[in-house]
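Laboratory data are not the source of any read-out in this text; all were calculated from the coordinates shown. These figures come from a predicted structure and were not determined experimentally. We place every Cβ from the backbone using ideal geometry, glycine too, and count neighbours over all the protein chains shown.
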Amino acid sequence: MSGAILDVRGLDAFYGPIQALFGLDFAVPAGGVTALLGANGAGKTTTLRALSGLVRRTGDIRLRGRPIAGLSTEAIARLGVAHVPDGRGTFTDLTVDENLRLGAHVRSDRSAARRDLDRVFGYFPRLAERRRQQAGTLSGGEQQMLAISRALMMRPALLMLDEPSFGLAPLVVADIFRILAAINRDDGVAMLIVEQNAALALDLADEAVLIETGRTALSGAAQRLRADDAVRRAYLGY
Amino acid sequence: MRLDVHLCALVGTPPVSAFLHQLASGLALGGVYAIMALALVMIFQATQLVNFAQGEMAMFSTYFAWRLIDLGWPYWRAFAVTVIVSFFGGIALERIVVRPFANAPALASVIVFIGLALIFNALAGWLYGYSVTDFPTPFDGPPWFGQRYLSAHESGAILVSLVVLAAVYAFFRFTSLGLAMRAAAQNPTSSRLLGVRVGWMLALGWGLAAAIGAIAGMMAAPIVYLDPNMMAGILLYAFAGAVLGGIDNPFGAAFGGFAVGVLENLMGAYVVGSEVKLSVALAIIVGVLAWRPSGLFGRRIVARV
Amino acid sequence: MPGPRLTRAIATLAVFALAVAFPFLASGYHVYQGAQVLVLAIALLGLNLLTGFNGQISLGHGAFFAIGGYGAAILTAKLGVPYLLAVPLASLVCFAAGFLFGFPALRFGGLYLALATFALAVAAPQILAWKGFDAWTGGSSGVSLVKPHAPFALPLTTDQWLYFICLVSAALLYVAARNLVASRIGRALIALRDQPIAAETMGVNAALTKTICFGISALYAGVAGALSALAVGFVSPESFGLALSLSFLVGIVVGGLASLGGALFGALFIEFVPSLADQMSGNFGEGAKALPGAVYGVLLIVAMAVMPGGAAGAVRAIMRRTVGS
């Protein structure tokens, strides 16, 4: 596929001797959003972890055409893949400010990073109010906002989000997805989003991939998946 | 163990001023314990392990400085070069010897640390011999500020420890490298996802700990004299200080180091006698573990075994 | 081809037969050294119960060895207790000391135990030399005791007699350790090492089990210390420093963690490496003093890296290849 930020072909992943993913194929178009859907344990989180090099994986993974399957987690992050992990990966003992500064750790453009800080505070004004607070004292929703902001501080080419709605109140979830849509629209950040809540994810996504027991069950335009009867019954619940 | 030699000059001084003198000179060695404790905590925070070789590494660095001074180098140049060499030595040690055991059980790491301690001790004995040697101090001359409780070296040692503490604080608080090191210790996976090279942060921690240890050794040596076993007692007091203050809290540990220094001196002079001063450290460690296991300023104990 | 079980039994018997014959074949000094090896092997058995099987590290077993040694010396020399009674009494004192010491330290896991026992090892010589205990411990000059002679006019020298006392003790304690490891308690010890949370969920009282293990381990060290005091005829603070504790650790690592048979090999190793270094001082001068430390240190690291099973593990692997297949 041309114009893809991320192109994945035949992705296998392993936990020790146990294979968890079997030849996944999917792509994230430039400036687009791809949603990974599936039941618990289908391999959605594993897919993100495999892309980040947190689990052993084989296959062809290309970021802007450059193969990254052999690179370390740190190197992949430095190429512009921002992964917001499940559980949000908050540095609980550090302040909100320090968490955000860590997002810009690999950047050398200090003044641009400072402008980005203002930008994320524009998206999430509540974080600005709590800059000096210990991140561990934030609410779940605020920690999710912090995790997204920290990832945005990397100026990523691709933002990977692992269940941003997990454990949050519906109003907070709606808020976060509205802002994600704005980030995608205004800044053109491509996103790969893993979500239990398929309806939410399909609203945001251009493309969607349905994973079942580590294999691609279905993939295509988000609209098309939403219309699919099987998907609707199993994941959208109507 | 020569920890008590400097006390001998006290015979015949009036009680109050003798007490103040004990207190003050406790602070001098306490500063050494404090920065050793800081070095221990630095590695503990990143790995949940205590480096039993820290003392012998510091002793070896001190011998290195002694050799440079012996060659006619000016003190401060030898000091600086020793700190730098120790820093890179610490990094090399982590990458070559410690790294392969990163995923081994804690027991294996402790055994490897003991192995390192034995090797450094033997290496120093082989290269420099086992006889006890004087070590110079850059703080010669009359006591500072016209007081009579602290020798010039003791004042200087306290000053140096405070400078080290302040520098370490500033490094971790204000630099982005320091921030990355704290992040890597706290949440390695999350740090890697932000592009932080966690493995290098660990190595850097070892480098810093080795450099701080070198300073501790060079400040202690004029007081306890230089020999391959000079650091065993000091490391023990540093442990006691770290456990007392809280081994997961750098400044608690440093405070603990000062407290142990004072306690050791006062107990040695007035309660148990200087021959069994080391037991004070033992009592502190066991007592703290029994009554307040996370130390005065620690949060809670997380052990890996 | 005999099965591995039988091979093992034959090997054990052969070692035992050799050990019985040894004092009649060797010179007096070598018999004395043989007794030292057996004494060390007893201490290593005890430390291995703690470290190898229960996963708890002690850097201070030299202190319990010292308590056993001083106990035996004071009981026989100052209180006139017969030596055959003094050894078990001294080791019971060690059990109590180990139990009491282990209790606070063990509650917080291996690292804190390592710290506390390290402190114990460093402080022990100072405490033993303390003036307050002078009347009992003889301060820094220590306590002398009379080496026991063979009873019933047995045609044995003192060294030979002591050797046999050590041999019988070592054999009994080896069998006891084997039975302990195979028992319910042994399984609990291993479970606490490998799966502490699961073991506690299954109803193992972790603190109590670990503390008892520490006590038993100290008891072994105490028997060893008491026998050593009888064999040497003398105890003094300098013999029980940090170096002794660390050499125990070297012994169990070289012999093999969680291997009781490895204790003998470990004991041979820590008994003879230092004297080997003495012999080599002709070539190396004063630097030879550094040799045991260097060898110990390198071996600890290498053993952890390439043969975590120690010598026993290596033997087992070779046996499996030649016999088992």
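Around the amide H of A:V33, modelled in the peptide plane, lie the amide H atoms of A:M191, A:D206, A:E207, all under 5 Å away and 5 or more residues distant in sequence or on another chain. Taking 25 Å as the straight-line reach from the Cα of B:K277, the lysines in range (excluding those fewer than 8 positions away in the same chain) are C:K131.
The fewest-to-most ranking of B:F19, C:F99 by surrounding Cβ atoms within 10 Å reads B:F19, C:F99.
For A:L218, the residues whose amide H sits under 5 Å from its own are A:L210, ignoring neighbours fewer than 5 places away on the same chain, with H placed 1.01 Å from N. Computed on the Cα atoms alone, the convex hull of chain B gives a volume of 135 cubic angstrom per residue. The calculated 222 nm mean residue ellipticity attributable to helices in chain B amounts to -23000 deg cm²/dmol, summing -39500 (n - 2.57) over DSSP H runs of n ≥ 4 and dividing by all residues. For the stretch B:21-56 and the stretch B:103-143, what is the centre-to-centre distance using only Cα atoms, to the nearest Å? Spelled out, the Cα-based centre of one part sits 14 Å from the other.
Sites listed here are trypsin sites (Lys or Arg not before Pro) in the stretch B:144-252 whose DSSP assignment is loop and whose Cβ has at most 15 other Cβ atoms within 10 Å: B:R148.
Other protein chain C-beta atoms within 10 Å of residue C-beta, averaged over A:79-92: 3. Among the trypsin sites (Lys or Arg not before Pro) found in the stretch A:132-238, those both in a DSSP coil and sparsely packed, with 14 or fewer other Cβ atoms within 10 Å of their Cβ, are A:R132. Based on Cα atoms of chain A, Rg over Rh with Rh as the Kirkwood radius reads 0.95. Available extension along the chain between A:T92 and A:F121 is 8.5 nm, counting 0.36 nm per residue and deducting the alpha carbon span.
As a proxy for reagent exposure, ranking C:C94, C:C166 by other Cβ atoms within 10 Å from fewest up yields C:C166, C:C94. Every Cα-Cα pair in the protein assembly as shown was counted, and those over 36 Å apart are 56% of them.
Computed from the C-beta positions of A:I18 and B:W73 and an R0 of 45 Å, the FRET efficiency is 0.15 to the nearest 0.05. With both labels modelled 7 Å from their Cα along Cα-to-Cβ, the C:T201 to C:V302 distance reads 4.2 nm.
The HN-Hα couplings worked out from phi for the stretch C:208-224 by the Karplus form 6.51 cos²θ - 1.76 cosθ + 1.60 (θ = phi - 60°) are 5, 4, 5, 5, 5, 4, 5, x, 4, 4, 5, 4, 4, 4, x, 4, 4 Hz, whole numbers, x standing for Gly and Pro. Taking a ≥ b ≥ c as the square roots of the eigenvalues of the Cα gyration tensor, the stretch A:91-155 is prolate, since a/c reaches 1.5 or more and a/b is larger than b/c. Here the stretch A:92-152 and the stretch B:192-220 have alpha carbon centers that stand 27 Å from each other.
Partner shielding of A:99-107 amounts to 5, given as the average count of beta-carbon atoms from other chains within 10 Å of each residue beta-carbon.
Oblate is the label for the stretch C:23-239, because a/c, from the alpha-carbon gyration tensor with a ≥ b ≥ c as root eigenvalues, is 1.5 or above and a/b does not exceed b/c.
Listed values for the stretch B:16-33 are Karplus-derived 3J(HN,Hα) couplings in whole Hz (6.51 cos²θ - 1.76 cosθ + 1.60, θ = phi - 60°), namely 5, 6, 5, 4, 4, 5, 4, 4, 5, 6, x, 5, 5, 5, x, x, 4, 4, and x replaces Gly and Pro.
Each part gets one Cα centre, and for the stretch C:209-256 versus the stretch A:160-217 those centres are 63 Å apart.
Measuring r between the beta carbons of B:R173 and A:T137 and using R0 = 25 Å, the FRET efficiency lands at 0.85. Across peptide A:21-31, the mean count of Cβ atoms from other chains lying within 10 Å of each residue's own Cβ comes to 0. Sequence-ordered 3J(HN,Hα) estimates for the stretch B:99-112 from the Karplus curve with 6.51, -1.76 and 1.60 and θ = phi - 60° stand at 3, x, 9, 4, 9, 7, x, 4, 4, 4, 5, 4, 5, 5 Hz, glycine and proline given as x.
Counting only alpha carbon atoms, the long axis of helix B:277-291 and the longest principal axis of chain B meet at about 50°. Once backbone amide H atoms are built at 1.01 Å from N, A:V55 has A:A50 as its partners under 5 Å, excluding neighbours fewer than 5 places away on the same chain. Counting other Cβ atoms within 10 Å as a rough exposure proxy, the listed residues C:I185, A:I193, A:I176 run C:I185, A:I176, A:I193 from fewest neighbours to most.
Note on the protein assembly as shown: antiparallel DSSP beta bridges, both residues inside, total approximately 60 percent of the bridges counted.
Once the C-beta distance of B:L162 and A:A39 is scaled by a Förster radius of 60 Å, the resulting FRET efficiency is 0.50 to the nearest 0.05.
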